[in-house]
Amino acid sequence: MAITATTRRLVSITEAAAYLNTSTATVSRRLADGTLTRHRIGPRTVRVDLDEVDRVFGLSS
């Protein structure tokens, strides 16, 4: 049986906002209301999964 690893496309809030062509406040609101998952990789570093951003904002096909 083969084990496959999935890779996450983790980006900063600023990068996610640029990807969506929107403000960082929009991404932050989605993190605050639980629509997007916050991935904490350090005491102050937060990342967002672009695959989840695609699903939430209807960008995936």
Computed [θ] at 222 nm, helices only, for the chain once each DSSP H run of length n ≥ 4 contributes -39500 (n - 2.57): -10500 deg cm²/dmol
With Kirkwood radius over Cα pairs in Å as the read-out, I listed (i) 15.0; (ii) 12.2; (iii) 13.8; which label goes with the value calculated from this structure? (ii)
Order these peptides, 29-42, 11-24, by their mean beta-carbon neighbour count within 10 angstrom, highest first. 11-24, 29-42
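Readers should treat all values here as calculations from the given coordinates under stated rules, not as data from a laboratory. None of these values were measured; they are calculated from a predicted model. No Cβ is skipped: glycine too gets one built from the backbone with ideal geometry, and neighbour counts run over all protein chains shown.
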